[in-house]
Amino acid sequence: HIHILRDSVQPVTIKQILDASRDRPDDSLVINNQSVTMVTFVGLVEEAESMSTYIEFRLNDFTGTIAGRFWIDSDENEYLAARRAEIQRGRMVRVFGNVSGTGEGQPTLAIHHMKVVENSNDFTFHRLEVIHTCLCQTRGGRGSLLGGNSGKMTGLTGLSTTMVTNSTGLDGVQAAVHDVFKARCPSAGLDGVTVSDVINALAGLFTEDQVRSAVDLLSTEGHIYSTVDDDHYQIC
């Protein structure tokens, strides 16, 4: 069953756009089993070619590249024109738009709004938005990440998890593994949670090798400790 998101904006990666199916009668994208009409992502402007009435862009968010077209409003005021002029090759931007041409043809983006991203944290925050949205749509929210193993996320290959950090200094995979232990250990008894349980909880988001490496680091740094054997851990 495909849910329809008519009036919301879906945070995505370009890879998700490229991998999305487009087999609905209304020609909308299907991402994470959701019918999506409007998307947003943060990416780098690789090319920007100005025409008389529009600008052609090539955008790259490090998971893929996509072409986009922004139509220039004939009634554009000086302020908007100045902001648009800031969007040059090499700048990081947040983009809002609709996608067309997926399936048989190369997808292109009809850009409704763009703005320069001044803070690099916005890029990291967007990646977290994408992960959170995928979890909510495929696993029923954060609770399913920490307490269940139903559903898998798609289109996240290529996310730079090492860029995602939290207040403890852990990167994306380490923080996610730590969160699973933190949520499950209190009800797991003295033996704690197995590494296999954590791998299953994060399936589709991180590989087994990534999870095991994160477990080793968390154990070495004193965030978790082994109990009955090297496969069972408790939170410190």
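The values are calculated or read from the model by the stated rules, or taken from the named source; none is laboratory data. It should be emphasised that the depicted structure is a prediction, and the values quoted were computed from it without experimental measurement. Glycine gets a Cβ as well: all are built from the backbone with ideal geometry, and neighbour counts include every protein chain shown.
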- Task: Considering (1) part of a helix (DSSP H, G or I); (2) at pLDDT 80 or above, say which one Leu190 fails and leave the rest.
- Result: (1)
- Message: So Ala214 passes all but one of these: (1) among the small types (Gly, Ala, Ser); (2) surrounded by fewer than 18 Cβ atoms within 10 Å (Cβ to Cβ); (3) modelled with pLDDT of 85 or more. Which condition number does it fail?
- Response: (2)
- Item | Residue that is nearest to Val228 (Cα to Cα) [pool: residues in the stretch 175-194 that are buried (at least 20 other Cβ atoms within 10 Å of the Cβ) and among the β-branched types (Val, Ile, Thr)] | Val193
- Item | Output for the stretch 123-147, where each listed residue is at pLDDT 80 or above and charged (D, E, K, R) | Arg127, Glu129
- Quick one: would you say Glu78 is out of contact with any Gly (no Cβ under 8 Å at 6 or more places or on another chain) and acidic (Asp, Glu)? yes
- Those residues of the stretch 6-32 which are surrounded by fewer than 20 Cβ atoms within 10 Å (Cβ to Cβ), modelled with pLDDT under 80 and either hydroxyl-bearing (Ser, Thr, Tyr) or more than 14 Å from Gln106 (Cα to Cα) (or both), in sequence order: Arg6, Asp7, Ser8, Ser21, Asp23, Arg24, Pro25, Asp26, Asp27
- Would you pick out the residues in the stretch 201-211 that are under 17 Å from His232 (Cα atoms) and either exposed (fewer than 15 other Cβ atoms within 10 Å of the Cβ) or small (Gly, Ala, Ser) (or both)? Ala201, Glu208, Asp209
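Considering the stretch 64-80 alone, what residues qualify as being under 24 Å from Phe41 (Cβ atoms) and either within 26 Å of the chain's Cα centre (by Cα) or not in a strand (DSSP E or B) (or both)? Working first, answer last.
Start the filter on the stretch 64-80 by keeping residues that are under 24 Å from Phe41 (Cβ atoms), which leaves 64-73, 76, 80.
Gly64, Thr65, Ile66, Ala67, Gly68, Arg69, Phe70, Ile72, Asp73, Glu76, Leu80 - these are the residues of the stretch 64-80 that are under 24 Å from Phe41 (Cβ atoms) and either within 26 Å of the chain's Cα centre (by Cα) or not in a strand (DSSP E or B) (or both).
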